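Have a look at the structure below, then the notes.
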Amino acid sequence: RDVVAALRRAMGLDAPLVVQFWLWLTRTLRGDLGKSFISGYSVSELLWTTFLPTLELALATLVMAVAIGGALGLISATRKGAWRQAATAYSSLALTLPNFWTGVLAVLIFAVTLRWFPPSGRVSLLADPLGALTFLALPTLTLGFRLSGVICRFTQGALLEVLREDYIRTARAKGLSDRTTVRRHALPNALVPLVTVLGIEFGRLLGGVVIVESIFSWPGIGRLIVQAIGNRDYAVIQGALLFLTLCVIVVSLLVDVTYGLIDPRIRYS
C-alpha cells in the first residue's frame, strides 16, 4: 500500500479530478504529454520518433493511390467497354478486401513465395534509399490498394457527372478534342469532390496504419499505439490519440484551403 500511495503521489493521482485535468491541460498546451509508464521516456519524444516513419508511409500511400486510382478513374470515365468494366472490377475488389487480409496476402505472395520484398522492418531513406523503397513497398501496397479503389470510384463518378454538363458540350461543339476538353474543363472541376474524399480518407488511413504497421513491424505511431495498449501505457495511448486527432484537424483545414486553389469561384470571407 505504501508503494501504491507513493506512486499515486508521484503521478499526481491523489489530487482531485478537476486539478488533475487542469494540470494535464496546461502541460499539454506546453507540449508536455507526460512520460511513458513502461519505458520512462517522454511521450512527446516517442511520438516524434515514430511520426516520421508513419508520415513516410502515409505519403507513399497517397502517391500510389492517387496515381493508380486517378488514372483508372480517368480512363474508365472517358472510355467505355472493357476499360470501364476493368476499372469497376478493380475498385470493387479493392473496397471489399480489408487491410489486414491484404497485408497477410502480400507477405505470403511477394515476401515468402516470390521473395521480391522483405516481409517486415524499415530502413531510413537517408541511409539507403533503394533499400528503404523495398521495405516500403509492401506496407504501401497494403494501405494504398483500398485507397486507390476509393479514388478510382470517386474520380470516375465525378468525371462522368462533369462530362454531362452544358459547358463540356459547348467546348466539344467549338472543336476541342476530347483530350483537351477533359484536361482543361472536366478534370479541374472534378478535383473538388476528389479532394474532399482524400481528406475524409486520411482519417481512415491513420486507422489502417495501426493494423498495417503491426503486420510489417513498421516503427510508426500505429505500432506504438498497439504496444501501449498491450502494456496499458495510458499516457502513450492518450498522447498518441490526441496527436492523431490534431493531424486529422490540420488535414481538414488544408482541404478547405485547397478548395480555393482548385476552384477560383470558391472564396472565404
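By how many nm would the segment from LEU23 to LYS174 lengthen if fully extended, with 0.36 nm per residue of separation less the alpha-carbon distance?
Extra length available between LEU23 and LYS174 comes to 47.6 nm.
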**Request:** Scan [x] 20.1; [y] 15.8; [z] 14.8 for the value of mean projected area of the Cα convex hull in nm² calculated from this model and give just the label.
**Result:** [x]
**Complete:** So the angle from the long Cα axis of helix 129-163 to the longest Cα principal axis of the chain, reported in degrees to the nearest 10, equals 50 degrees
**Message:** Taking a virtual spin label 7 Å from the Cα of LEU55 along the C-beta vector, which residues in the stretch 196-240 bring their backbone nitrogen under 13 Å of it?
**Reply:** 221
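Note the full-extension length gain between THR245 and LEU97 as 0.36 nm times their separation in residues minus their Cα-Cα distance, in nm to one decimal.
Computed gain between THR245 and LEU97 is 50.7 nm.
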**Asked** Whose amide H sits under 5 Å from the amide H of LYS35, counting only residues 5 or more places off or on another chain, with H placed in the peptide plane?
**Response** VAL43
**Message:** I'd like the orientation of helix 43-78 relative to the chain: the angle between its Cα long axis and the longest Cα principal axis, in ° from 0 to 90, rounded to 10.
**Reply:** 10 degrees
**Message:** Quick check: the angle from helix 187-215's long axis to the longest principal axis of the chain, C-alpha only, nearest 10 degrees?
**Reply:** 40 degrees
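Mind checking the stretch 196-234 for trypsin sites (Lys or Arg not before Pro) that DSSP puts in a loop (not H, G, I, E or B) and that have at most 12 other Cβ atoms within 10 Å? Spell out each step's value before the answer.
Values: sites: ARG204, ARG223, ARG232; in loops: ARG232.
Listed in order of number, the matching sites are ARG232.
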**Item:** Student exercise, the chain dipole from Lys, Arg, Asp, Glu Cβ charges, in Debye to nearest 20
**Value:** 720 debye
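With the radius of gyration and the Kirkwood radius both derived from the Cα set of the stretch 151-269, what is their ratio Rg to Rh?
Rg/Rh: 1.19.
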**Message:** Using only the alpha carbons of the stretch 74-172, what is the convex hull's orientation-averaged projected area in square nanometres?
**Reply:** 8.9 nm²
**Message:** For a Förster distance of 35 Å, can you work out the FRET efficiency between the beta-carbons of LEU7 and SER217, rounded to the nearest 0.05?
**Reply:** 0.65
**Message:** Test of understanding: in a Gaussian network model of the chain with alpha carbons linked when under 10 Å, which of LEU160, LEU191, LEU108 would top the mean-square fluctuation ranking?
**Reply:** LEU108
**Asked** How far, in nm, would the chain grow between ILE75 and VAL112 when pulled straight, counting 0.36 nm per residue and subtracting the alpha carbon separation?
**Response** 9.9 nm
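For the chain, what relative contact order do you get, as a whole percent, if you take Cα pairs closer than 8 Å and at least 6 residues apart?
Result for the chain is 24 percent.
Every number here is computed from the coordinates shown, using simple stated rules; none is lab data. The model shown is predicted, which means the values in this text are computed figures rather than measured ones. Backbone-built Cβ (ideal geometry, glycine too); neighbour counts: all protein chains shown.
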